[in-house]
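Structure first, then comments.
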Amino acid sequence: MSSSEAFTELPSVAPQLRALRRRASLTLEAAAGAAGLSPAHLSRLETGQRQPSLPMLLALARIYGTTVSELLGETVAERDSVMRAADMEPTEAGGWTYVQAGAPGRGMQALRVRVPHGSQGDIVRVHPGEEWLYVLKGRLRLRLGDTTHRLGPGDSAHFDSLTPHRIAAQDPDGVELLFVHTLLQSPTATLCLGPTPGETP
């Protein structure tokens, strides 16, 4: 994926974020707390003053019982079993570039993800479900609990998402992944914990 192909303007998600939070009957404070954000930060996302990162989109999608596609306002007329490369538009969010690699509205969400070096490496995530990732290109540093793993092309990981986990690109050129996660919902789960005090990514 070239740099010109990898990045595209992120659609305005503000109206969707507010509408989906209200559909889920969550106050601004409750939704922000569940996502590990301040109410002021979520309010800025809902008014378009800030753009969410991919981890934030994943967290909010789980809390609102939806998918990243719906948060981005994407609609699909029919739930197709086959996804064509020509129909997969890359989206940039918070420095990460991702392409939907599976149909929306399923129990799993499949993404092709590019993680730049130094992007989101300090965010620890904890949420219900499972995750599977496969390294396509570059080297990945994956922290699961207290253990750090280094994965290269062809390596994969499959883990319980309740294990605190952190993903970072090890090389300056970043890393490309296939990434699959389940969409189990838990409004009370803490999804983004931020940096662990005293630790470096």
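The values are calculated or read from the model by the stated rules, or taken from the named source; none is laboratory data. The structure presented is a predicted model; accordingly, all values stated were derived computationally and were not measured. FYI the Cβ positions are ideal-geometry reconstructions off the backbone, even for glycines, and counts take in every protein chain you see. Calculation scope for accessible area: heavy atoms of the full protein, side chains included, ligands and nucleic acids excluded. Shrake-Rupley method; radii C 1.70, N 1.55, O 1.52, S 1.80 Å.
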Checklist outcome for this item: 1/(1 + (r/R0)^6) with r = Cβ-Cβ of T27 and D173, R0 = 41 Å, i.e. FRET efficiency to nearest 0.05, evaluates to 0.45
Next on the checklist: Residues of the stretch 140-176 with backbone nitrogen within less than 11 Å of a virtual label 7 Å along the Cα-to-Cβ line of H117, please, listed as ranges.
Outcome noted: 169-175
Next on the checklist: Between L162 and A19, what's the calculated FRET efficiency when r is the beta-carbon distance and R0 is 25 Å? Round to 0.05.
Outcome noted: 0.30
Next on the checklist: If you take every residue apart from D155 with its C-beta less than 13 Å away from the C-beta of D155, what net charge results, scoring Lys and Arg +1 and Asp and Glu -1?
Outcome noted: +3
Item to check | Probe 1.4 Å - accessible area at H41, Å² to nearest ten | outcome: 30
